[in-house]
Amino acid sequence: MPVMGGSGVDAMLKRLGVLVAAGFLGWSAPAAAQTNWSPALEGKCAAKDAVACWTLGETLLKGQGVTADPKKAVGAFVRACDLGVAEACYIAATRTDPEKRGTNADAMAAAGLFTKGCEAGLGSSCLSAGIYTEQGWGVSKDHPRALMLYERGCTLRDGESCRYLSQIWAFGEAINNSRTDGPKTLDWSVKGCNAGDGPSCVTVSWLYAGNMGIGFNQAAGERYARMGCGLDHADSCYNLGYMVFQRKDYVEARNFYARSCRLPGGRDTAGACKTAGDLNTFLANRSDEDARYEATQRARADEITRLLGSGDYNGAMYRAAYGMGSIEQVNRILLAASSAGRLPEIDDIYFVAFQTWNISSQARNIVTAEKRRRDAAQRQAARLAPAYGGSSSSWSWTPSSSSSSSSSGSTYTPPRISESDIYRNARENTRTTYCNAGWGCR
């Protein structure tokens, strides 16, 4: 039985406890050489040097060359936040209100910092700001504004923000006047999956099984299940095993169930392991199935060659990643696309998924550089877009006068700080904050 469908939708979509994970950064920055504290940092930060404030916060937080002082570190991150460093806003907010008490001055300060981070272009800050606004923690409860914050987070490619919206429309809650809407659930789930959120991929595949008024579409459901499995999401691999089993592709079914068995976090790990074992026993006496599988893989490899020859790099990548699951072919396509200057034609989700794949070092460098370039472009577009959302978003809230961004967008000047400095160790700091607060670690 697949993970999706029936009463399983409740377990799949419940957003109780999402705040535990809310705000984790959706992009990954490689750890850089750590910088130690120096007396000059204080003066440079006071002179509104955003890089110095960011570095000062890091060194004080971790005790690099100086006695660790978390309180002073928060102060430095707040100054960096005021200078437009979105990640600094987020880190300062999580340290300011670590227990989510909701009504005190710490909650007010954290809500303001999350909002600044959202305005500066960090999707995970939008999600946290939306949660504070929906719950009335430190700010007035405002459901329409909370929805717009979630939408902005999704627009900024924060997959969890997209998932949050899909769950709202799947269940119908106070924030949307208890309305349910299948097409909106599908739309936000597709965006979440494309942003690299595995649970969103599960939701899409469940919807395409003919649920919530969405027409049955086996091919589309399998496509999104493959995307989720490519993100190492155990339930997506489980569902995919079920789907390919239904069309009697027993070797692939065994492989996907086995993959679900190996991955953490699945809701039926024991079932995945048992099914993989049963299929393995079944296939032991069916050499014809292995031969058919090998022939299919060869045909897929030939198709990839044809697609590359025609210049369809994105189509080739889909066949390599989700059709074959071949690291060798993925490496080949990344190198070819990079050499041809065609990386921008490949969908975003691959550059999220391949961060967990054991691709070659050369291919990994390509993935890291391309993802950073895309994140920087998205961040810059968000900073400069009119009404903070562009024509494709309903985001229309005008930030307060204390915002570090201009409400018109056209006069905003980003701080003089390189993207590499902004990104440096941001994910590590964020993860440390959550681990130390006891909210769970990824």
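Within region 256-282, can you find the residues that are surrounded by fewer than 17 Cβ atoms within 10 Å (Cβ to Cβ) and in contact with a His (Cβ under 9 Å, 6 or more places away or on another chain)? Matches in region 256-282: G265 only. For region 283-296, a tally of residues being open to solvent by 90 Å² or more (accessible area, probe 1.4 Å), free of Cβ contacts under 8 Å to residues at least 24 places away in the same chain and within 19 Å of S326 (Cβ to Cβ) returns 1. So is S166 within 21 Å of C81 (Cβ to Cβ) and outside any loop (DSSP other than H, G, I, E, B) or not? Answer is no for this residue. Which of the residues that make up region 199-245 are in a loop (DSSP other than H, G, I, E, B), over 24 Å from D158 (Cα atoms) and either of a type in the set (V, I, T) or in contact (Cβ under 8 Å) with a residue 60 or more places away in the chain (or both)? Result: A209, N211, I214.
Only residues that are among the basic types (K, R) and either buried (at least 18 other Cβ atoms within 10 Å of the Cβ) or closer than 24 Å to A376 by Cβ (or both) were counted in region 154-211, giving 3.
For region 60-92, which residues satisfy the criterion of being under 22 Å from A129 (Cβ atoms) and part of a loop (DSSP other than H, G, I, E, B)? Those that are under 22 Å from A129 (Cβ atoms) and part of a loop (DSSP other than H, G, I, E, B): L83, G84, V85. The set of residues in region 46-68 being over 17 Å from R95 (Cβ atoms), open to solvent by 10 Å² or more (accessible area, probe 1.4 Å) and in contact (Cβ under 8 Å) with a residue 60 or more places away in the chain consists of V51 alone.
The values are calculated or read from the model by the stated rules, or taken from the named source; none is laboratory data. Nothing here was measured: the structure is a model prediction, and the numbers come from that model. Neighbour counts are summed over all protein chains in view; Cβ atoms, including those assigned to glycine, are modelled from backbone coordinates with ideal geometry. Quick note on the areas: whole protein, heavy atoms, side chains included, nothing else; ligands and nucleic acids left out. Shrake-Rupley method; radii C 1.70, N 1.55, O 1.52, S 1.80 Å.
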